[in-house]
1. Whole number in Å², please: accessible area per residue of the range 89-181, 1.4 Å probe, ligands, DNA and RNA not counted.
2. Using DSSP to call loops (not H, G, I, E or B), can you name the trypsin sites (Lys or Arg not before Pro) in the range 99-144 whose Cβ has at most 14 other Cβ atoms within 10 angstrom?
3. Tell me, what is the per residue accessible area of the range 1-54 in Å², probe radius 1.4 Å?
4. All other residues with a Cβ under 10 Å from the Cβ of Phe92 taken together, and with Lys, Arg as +1 and Asp, Glu as -1, what is their net charge?
5. With a 10 Å radius around each residue's Cβ, average the other Cβ atoms per peptide and rank 167-175, 63-71, highest first.
6. Quick one: compute the contact order of the chain, relative version, from alpha carbon pairs under 8 angstrom and 6+ residues apart, as a percent.
7. Within the accessible area of the range 111-194, what % is carbon and sulfur when the probe is 1.4 Å and the other protein chains stay in place?
8. State, to one decimal in nm, how far the label point of Glu123 lies from the label point of Ser146, with both points 7 Å from Cα in the Cβ direction.
Amino acid sequence: MKTIVEVKNLVKNFTVGNGFFTALKSVNLEFEKGEFVGLVGPSGSGKTTLLNIIGTLDIPSEGEVVVLSKSVGKLNPKQAAQLRKEELGFIFQNYNLLPVYTVFENVEFPMLLLNMSADERKERVMETLKWLGLTDKVKSRPAQLSGGECQRVAIARAMVKRPSLVLADEPTANLDSDNSHNILQTMAKLNKELETTFIFATHDEKVIGYLKRIIRLQDGKVVEDNKLTPNP
Ligand SMILES: Nc1ncnc2c1ncn2[C@@H]1O[C@H](COP(=O)(O)OP(=O)(O)O)[C@@H](O)[C@H]1O
Ligand SMILES: [Mg+2]
């Protein structure tokens with residue numbers, strides 16, 4: 001199996017007042033291509049901090065994080081942006097859709113940064129919206145959609161580039177039970193069919209049943225790392 005993320009002796013300190021707070025305390029992990037894995041643990045345990053460093057949105061204080069053979073602490077902002085736009089997809093708790101854009105435009109947006117023709121972009125957007133059951137919402141704007149539909153649009157936006165790695169921070173936190181299951185089934189399907197690697201941060205018990213691996217964090221440390229067979 002191909003290793004896609006390596007976290008080696010990772011420490012993250014945040015400056016607080018005159019001192020600092022250590023949010024991650026010597027974390028060691030490896031993630032392989034095709035994993036469907038959750039970082040779970042109580043609020044404040046360091047899930048978002050770890051996800052942000054893997055996503056090149058923050059840098060290690062000590063140790064090293066290697067994403068797709070690149071050491072994130074050594075990338076300059078331009079190189080980090082390049083890695084994000086070409087290889088990574090992000091899904092957030094509150095969807096982060098652009099309100100004045102249509103569903104089509106929101107999903108097309110990440111591809112405007114890549115060198116693709118308008119026809120190619122349209123084909124990709126429509127194919128991705130089809131996977132997510134959103135073809136009848138192409139012209140809608142986020143305010144006209146339910147929370148579950150907004151999160152499906154956000155997944156489409158993350159998937160449209162066919163990224164190697166999707167990072168999802170509490171993707172079901174704003175959804176009711178039915179929509180959460182629907183979103184998780186969709187992501188599990190994309191993971192299986194496209195072999196896209198998903199790393200979630202979550203404390204939602206509903207998510208846990210779908211995961212192939214659970215990494216439990218507590219006070220900035222890994223206290224459990226468990227590979228499992230997901231529910232059918
Ligand atoms: N920018 C920051 N400055 C200071 N402390 C921070 C910052 N970001 C996160 N923290 C602290 O680091 C700890 C872990 O935060 P976070 O990774 O967001 O946890 P989780 O996502 O598991 O809820 C928390 O105690 C939080 O207050
Ligand atoms: Mg968090």
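1. Value returned for the range 89-181: 47 Å² of accessible area per residue.
2. Lys139
3. Using a 1.4 Å probe on heavy atoms only, each residue of the range 1-54 averages 45 Å².
4. Local charge sum for Phe92: -2.
5. Averaged packing, sorted descending, gives the order 167-175, 63-71.
6. This gives 28 percent for the chain.
7. 44
8. If labels sit at Glu123 and Ser146, their model points lie 3.4 nm apart.
The values are calculated or read from the model by the stated rules, or taken from the named source; none is laboratory data. These numbers come from a predicted model, not from an experiment. Here Cβ is always computed from backbone atoms with ideal geometry, including for glycine, and neighbour counts include all displayed protein chains. Just so you know, the surface numbers come from the protein's heavy atoms only, side chains and all, with ligands and any DNA or RNA stripped out. Shrake-Rupley method; radii C 1.70, N 1.55, O 1.52, S 1.80 Å.
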